[in-house]
Amino acid sequence: MDASATNAEVKVEKTEGAQLKSKKLGDLQLESEKLECLELEMGKIEDAQVRSENTEDVELKPQRIKDVKEEGPSSPCDLFDVEVVYKIAQELLLGLATACVDNTTGSVFQTPAMVAVDIRKEMVEYLTQRSEFFVAESSILEGGPGAEASDHPYDVISLLIDDFVSLKRNWFSRVSGWLLSEMREDRVDDFVQEMELNSFWLLDGRDTIAQTLLKNVDFKNMYHCNKRFRSEELAKHRRQCGFRSINCDNEGCAATFSAALMTKHDSTCPFKVSPCEQKCSEYLVRREMDRHCITVCPMRLINCPFYSIGCQSPVPQCMIKQHFYDNLHSHMLYTLQFIHKQASAEDLKQQAEQIEKSSFSSGLAEIQVVRFFVSAIKDIEEKLGPFQFERKHSDSVGDPAEEISKATNSRAPLSAN
Ligand SMILES: [Zn+2]
Ligand SMILES: [Zn+2]
Ligand SMILES: [Zn+2]
Ligand SMILES: [Zn+2]
């Protein structure tokens, strides 16, 4: 176990030395060749037995050039956007699963689980190295075909992972239409689950790598803090740093995010309690707001029961009684118009006034069902005596009395809504 770990450390140190020697872009190619030679050398030294038994314990923490260069009295804050790091950490597991599946598909001798340890090690080395050179690489490509590519660290690292995955494809996965098959997706999902079940490459470990990769590619410092402090001030800064991790305060919400994103999260947090959007007196969590507003909120708008005969203003459900009182006159006009389709507006108005003046009209505003309201009006009209009106259309036929009787006898095909 120790032998292997030491070898890995030695290798990391040598690698760093080599990287420091040449930082010029032109040397990139040469550099990777040197690294390959180094790796070959290391491979020879390693005892094959020891290696196969202990690969699980190999130190997977990648090192950064900066860590070596930036020694001094001050230290970096090194806090980062926790959500982005989490997303990258998840992508690492998915990338590894894909690489292992693509590497062994069609093989009768190998399974993804058998190659996972080795491929993970290769992947971490590959991503660390590519991410360190990312800034240089992207400046070469500037103005080139990749110029419009996103520089969000998650997108950048996802692309690097894709590059690695494509390097690990075996001949079968390259030629067989495998890459687009549904079976590939299923196998990858299964293997992700298998790794999770076996606690292979836990989130903590992936987080550390994700942080390093993020810092390497986030050259605009949008998703991590690169401020430097003397040790006595560092702790103080970290307690106030916008990237410090905080939990959502809203009851029931398990979200964790950087402090600077508090307002952004709060504005969309499904557990945020706020007053009803329709301004009833209730307070609700955001995720229940829509349902409340549509189904039970007393301020939800409904159609007036007189909608079908003409009252078309929407009314808040809790105001419907008041609406009947406030609109008794217009509801009566709609009803008279419905009963006496031939009557003029002026006649209907006079009839309505007559009904209102009579002693029979009390309690009309209490009637909330249109059908009952229509028969109540008809009853009152009977008690008041025949309603005389001029016909609206001069070409109408039949005598008025007959029209009235036809109208008043017509059944109201209505129902309240
Ligand atoms: Zn900071
Ligand atoms: Zn929340
Ligand atoms: Zn409400
Ligand atoms: Zn109405």
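Results, tabulated for the structure shown:
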| quantity | calculated |
| --- | --- |
| Which listed residue, of F191, F229, is touching a helix residue (DSSP H, G or I) at 6+ places or on another chain (Cβ under 7 Å), in the same structural domain as E125 (by TED's automatic domain parsing) and away from ligand 1 (no atom under 16 Å from the Cβ) | F191 |
| Filter result (within 16 Å of ligand 1 (Cβ to nearest atom) and crowded, with 16+ Cβ neighbours inside 10 Å) within the stretch 260-292 | L261 |
| Helices (runs of 4 or more DSSP H) contained entirely in the stretch 159-240, each with at least 2 residues that are within 27 Å of R130 (Cα to Cα) | 171-175, 182-197, 203-217 |
| Residue list for the stretch 110-141, restricted to those being in contact (Cβ under 8 Å) with a residue 40 or more places away in the chain and hydrophobic (A, V, I, L, M, F, W, C) | A113, A116, V117, I119, M123, V124, L127, F133, F134, V135, A136, I140 |
| Answer residue from the stretch 94-125, given it is of a type in the set (D, E) and farther than 16 Å from S181 by Cα and is farthest from the chain's Cα centre (by Cα) among those | D118 |
| K236 being closer than 30 Å to S267 by Cα, surrounded by fewer than 15 Cβ atoms within 10 Å (Cβ to Cβ) and in contact (Cβ under 8 Å) with a residue 12 or more places away in the chain | no |
| Residue match in the stretch 305-316 (condition: surrounded by fewer than 17 Cβ atoms within 10 Å (Cβ to Cβ), within 33 Å of the chain's Cα centre (by Cα) and away from ligand 1 (no atom under 16 Å from the Cβ)) | no |
| Conditions (1) more than 16 Å from ligand 4 (Cβ to nearest atom); (2) at pLDDT 90 or above: number failed by F338 | (1) |
| Among residues of the stretch 241-258, those that are in contact (Cβ under 8 Å) with a residue 12 or more places away in the chain and either in a helix (DSSP H, G or I) or surrounded by fewer than 11 Cβ atoms within 10 Å (Cβ to Cβ) (or both), counted | 1 |
| Number of the condition not met by R300 [criteria: (1) within 11 Å of ligand 3 (Cβ to nearest atom); (2) out of contact with any helix residue (DSSP H, G or I) (no Cβ under 6 Å at 6 or more places or on another chain)] | (2) |
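The values are calculated or read from the model by the stated rules, or taken from the named source; none is laboratory data. It should be emphasised that the depicted structure is a prediction, and the values quoted were computed from it without experimental measurement. Using ideal geometry, Cβ is built from the backbone for each residue, glycine included, and neighbour counts are taken over all protein chains shown.
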